[in-house]
Amino acid sequence: MLRGTPFHERTAPLCEASDWRRWGGCVAAGAYELTHEHEYAAIRGTAGIIDVSPLFKYRVTGPDSARLMDRMITRDVSTCDVGQVLYTPWCDPAGKVRDDGTVHRLGEHDFLLTSAEPNLLWMHDNATGLDVTIREETEEVGALALQGPASREILRGITEGAVEDLRFFRTMDTSIRGVPVRISRTGYTGDLGYEIWVGAGDALALWDTLIEHGETFGVAPAGLIALDMVRVEAGLILIDVDYVPAHRAVIEDRKSSPFELGLGWTVKLDTAPFVGQAALVAEKARGPEWEFCGLVVDWESLESAYQEFGLPPQVPGSTVRDSVPLYRDGAQVGYATSRCWSPALKRFLALAHLRVPHSSLGTHLEIEVTVEHRRRRATATVARTPFFDPPRKRETPASPTRGAA
Amino acid sequence: MSRDSGYDAIIVGGGHNGLITAAYLGRAGLRCLVLERRHLVGGAAVTEEVNPGFKYSVASYVVSLLRPEIIRDLDLPRHGLEILPLESTVTPLPDGDYLGRWADHDRTRRELYRHSPRDAEAYDDFGTLMFQLAWAVKPILAMVPPDPLSMSPRDLKAMLRLGKHARDLGEKQFNALYKLMTMSSADFLDEWFEFEPLKATMSASGIIGTFLGPRSPGTAYVLLHHYMGEIDGVFRAWGMAKGGNGAVSESIASAAREHGADIRLEASVDRVIVRGGRAVGVALEGGEEIYAKTIVSGVDPKVTFTRLLEESDLPTDFAEAIRRFRIRGSSGKVNLSLSELPDFTCLPGRGPHHRGAFSISPSIDYLERAYDDAKYGEFSRQPYMDIIIPSMIDPGMAPPGKHVMSIFVQYAPFDLNGGWNDAKREAFGDAVVNTLAEYAPNLKEAILHRQVMTPLDMQEVMGLTEGNIFHGELSLHQLFFYRPAPAWSNYRTPVKSYYQCGSGTHPGGGVCGASGRLAALEILKDLGR
């Protein structure tokens, strides 16, 4: 049976649209209101509260905890300070991505790993011979993402300690109006934002405080439809949509390496051995076959595709996740896995897998569009991601920006 | 003094259209100078902190169909433009009920059904027809109007295109378009709907900015403009700009600067310098003269031709046409700082309706009576109002917990009996607040500050002749090839190298920007660019 998150008692009556999605065995609101525009506008314009409790959460402690993390993920844990968070993928021995998530270093020998899929077995397999304790706390901990330009101001008024000094991809233990929480400056929106981790028993109190205090700042609960739009604007990948986890791929072709997912920056090859390292060293040497890119669909060409049928262009009002082919000079050179009209940027965006060398910035391609049941092509250009990247995402007014994600 | 200022073009007036022209000319490589009389750009689209901490969109308050091609060409989102959704319209009714139209189709249908099951279905049929018509008319709005009497190949070709458009319409659509062009909005809507508040609220879009009532012929046509937004669909060309309407102007100014334009504030143009029938420069108040090969006016036709030029610069018949150009102001604006949200009797408490618009338009009779007052030189004792609460859409518009309210008011005639003065202005403000307080009784107590803009204020502060918000009425005899005058609807003027780019040219009106863009494209054509 599906269960609600620790916030369900509050989110359920707010979900006017009765639009529930499945996420990690939980029900999560797709949209609260009958249309999702306001929720999207809140994330981009004020702040949205997104219930991200279904994320899988694993606590790793013990003298070898850093070694386990280092063995699993592609990034270098030795450079991760206590209080720092790393975004990272992790791979199978062939260097293909199994999952992606965040690693929070809560203490010298204390880590939190969040992931989209269950990873307990994989962690245990990799912990062989290590002195670590792995504890799943998925259901014990609720999580709210408070994302958007007003999020810092909202937290500042209710949080114990200097949350305004919390830097990008850092975490702090504190309390919000007496409720113990952990706040990390992380999120899935590409904007200024925080994720607030709270014991399940305190979840409702945290929700009530954020809603009540946030009201004057224009805060709004936001569902997964709006989240799926902003993450495309931020150029962030989604498992099972933009890539297939290696251990679920029934054919080789479906697997992707970090290099093929735009995550080359997370791969530190000259560190302690990690799963997939040898394969990734070899791949780096010969160069990846695929790259993951942003595309902007040319509006005029879309217009003419629709004009043929006497119609104005129609673009999806939320992210669509069916894969469509991409062509260059008549031959297929890739496929787009997520497409979304960006209300903020007023552009039709896509995230795509492209064969090298068709992936270089500025390359003109053709994307398949279906107009009146007929296949047509519109031009699209390879563009830099994140499409949406406001300076406030990384800036911390009190102290200069330092360190990367 | 050197005749070479280094500028290729000078644009008089830093309203949104002037800035758009400058941006497009700059994009094509021209060095532009925009001269703005006030201390900020935007003309009627400005945000000002009249009361400290409270930001007012002083005059223009929504983005009305800003052309998607302009948003794209100038990449306005990168320059800070954020258009936020205005999702609903609620019409509070004197009996304590209301009519709501919401973002969600089913919700709106249920709400209409509550009042009239018939109207609930007719509303969708009406929407489909209007979409078809708007789609058919859209290319006309986007074209440079031809001169119907000219035999030049270019005009003839454009007339043929127009004829083809009319022919391509189906019979039903053609008949409806003909009715739209000729009927009053009240009569037109009567053919479709029975619920008075629905008819009245819809007809109101046909009277905004005009000195006409809902029963005046010719008002139906403007209904169509509302459906243009549906075609632009995802562009959400209809909404409220984050930061108020000044933010729209600022984003365009930023794009213009990026394309090399200089914008001089507090630079009031006294006159356009004409030598041998050609505009060669401008003289500022204070005497400074600046020369350029191209002079463009973004101000309204009256100022463009009668104040900035000598009468002798213009052919007599043209000067006469401009003199006859109708530019009567009919609306006012009231901006309020509020200590708390208005609590509407019909929808008590705080709710999503506060994020949308409110229309005080309970019946056609109500609107027509409001017009009756104005016809005889008085402001409406019970005016039509279009209201938004900008701070509910962008909390940055007011201090935390406080609000600003924007009230568009009609009618307020420019030619008020006895003329406008401070007492009349406040009486007008009182009429607005008293009327609104009948629907939201806590309003009066909540008011921390009130700004009342009469048509005279809009003329004095923003330079809009007679306070007309559209640079001239949007009635049929002043649209398309007659805007602003026959044979001169193509952004040129009888004075060589003097162009017009304001809302007084086709298609005019609202923060749409098409005039500024089309003018720039015509100028570039003349320059062989």
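Remarks
- Value in Å of the Kirkwood radius, where the protein assembly as shown supplies the Cα pairs that are averaged: 30.1 Å
- Anisotropy class of region B:469-513 from Cα gyration tensor, a/c 1.5 cut: oblate
- Taking the convex hull of Cα positions in region B:400-495, its mean projected area over all directions (nm²): 9.9 nm²
- Semi-axis lengths (Å, descending) of the ellipsoid that matches the C-alpha gyration tensor of region A:140-255: 30, 16, 14
- Among beta bridges from DSSP that stay inside chain B, the antiparallel ones total about 70%.
- Percent of alpha-carbon pairs separated by more than 24 Å within region A:265-377: 37 percent
- For chain B, convex hull volume per residue from C-alpha positions, Å³: 142 Å³
- Using the Cβ-Cβ distance between A:Ala200 and A:Asp131 with R0 = 30 Å, the FRET efficiency computed as 1/(1 + (r/R0)^6) comes to roughly 0.55.
- The share of C-alpha pairs in region B:263-337 whose separation exceeds 21 Å stands at 39 percent.
- Relative contact order (%) - criterion: Cα under 8 Å, at least six apart; region: region B:123-235: 32 percent
- Fraction of alpha-carbon pairs over 21 Å apart in region B:217-360 - percent: 69 percent
- Region B:288-303 - phi-based ³J(HN,Hα) in whole Hz, Karplus 6.51/-1.76/1.60, Gly and Pro as x: 4, 10, 10, 10, 7, 6, 10, 10, 10, 10, x, 8, 6, x, 4, 5
- Taking other C-beta atoms within 10 Å as the exposure proxy, A:Val244, B:Val41 rank A:Val244, B:Val41 from fewest upward.
- The string of couplings for region A:206-213 from the Karplus curve (6.51, -1.76, 1.60, θ = phi - 60°) is 5, 4, 4, 5, 5, 5, 5, 6 Hz, one whole number per residue in order, with x for Gly and Pro.
- Computed over the alpha-carbon atoms, region B:123-235 gives an Rg to Rh ratio of 1.01, Rh here being the Kirkwood radius from the mean inverse distance.
- Near the amide H of A:Gly95, within less than 5 Å, lie the amide hydrogens of A:Gly276, all on another chain or at least 5 residues away, with H placed in the peptide plane.
- Structural descriptor for region A:306-405: relative contact order 19 percent, calculated from alpha carbon pairs under 8 angstrom and at least 6 residues apart.
- Radius ratio Rg over Rh of region B:44-160, counting only Cα atoms, Kirkwood formula for Rh: 1.10
- Rh (Kirkwood; distinct C-alpha pairs) - region B:39-94, Å: 13.9 Å
- All Cα-Cα separations within region B:349-390 were binned at 10 Å from zero, giving a P(r) of 29, 37, 25, 8, each value a whole percent of the pairs.
- FRET efficiency, 1/(1 + (r/R0)^6) with R0 22 Å, evaluated for B:Thr128 and A:Glu372 via beta carbons: 0.80
- Gyration tensor (alpha-carbon) shape descriptor, region B:433-482, a/c threshold 1.5: oblate
- D (Stokes-Einstein, µm²/s), Kirkwood Cα radius, chain A, 0.890 mPa s at 25 °C: 111 µm²/s
- Per the Kirkwood formula applied to alpha carbons, region B:174-244 shows a radius of gyration over Rh ratio, Rg over Rh, of 1.03.
- Per-selection Kirkwood Rh - region B:393-449 (Cα, Å, 1 d.p.): 13.4 Å
- Backbone HN-Hα couplings from phi across region B:512-529 [Karplus 6.51/-1.76/1.60, Hz, Gly and Pro as x]: 10, x, 4, 4, x, 6, 4, 4, 4, 5, 5, 4, 5, 4, 4, 7, x, 9
- For region A:20-104, the extents of the C-alpha atoms along the principal axes are 49, 26, 24 Å, listed from largest to smallest.
- For B:Met240, the residues whose amide H sits under 5 Å from its own are B:Val63, B:Leu84, B:Leu86, ignoring neighbours fewer than 5 places away on the same chain, with H placed 1.01 Å from N.
- A straight chain from B:Asn434 to B:Arg369 at 0.36 nm per residue would run longer than the Cα-Cα distance by 21.7 nm.
- Values of log10 I(q)/I(0), in the order q = 0.18 Å⁻¹, for region B:207-284 under a Debye, Cα-only, solvent-free model: -0.96
- As a length-normalised measure over Cα pairs under 8 Å and 6 or more apart, the relative contact order of chain B settles at 24 percent.
- Using a Förster distance of 51 Å, the FRET efficiency for A:Arg21-A:His364 (Cβ separation, nearest 0.05): 0.90
- For A:Thr5, the residues 5 or more places off, or on other chains, whose built amide H falls under 5 Å of its own are A:Val27.
No lab work stands behind these numbers, since they all come straight from the coordinates. If you're wondering where the values come from, they're calculated on a predicted model, not measured in any experiment. Cβ: placed from backbone, ideal geometry, glycine included. Neighbour counts: every protein chain shown.
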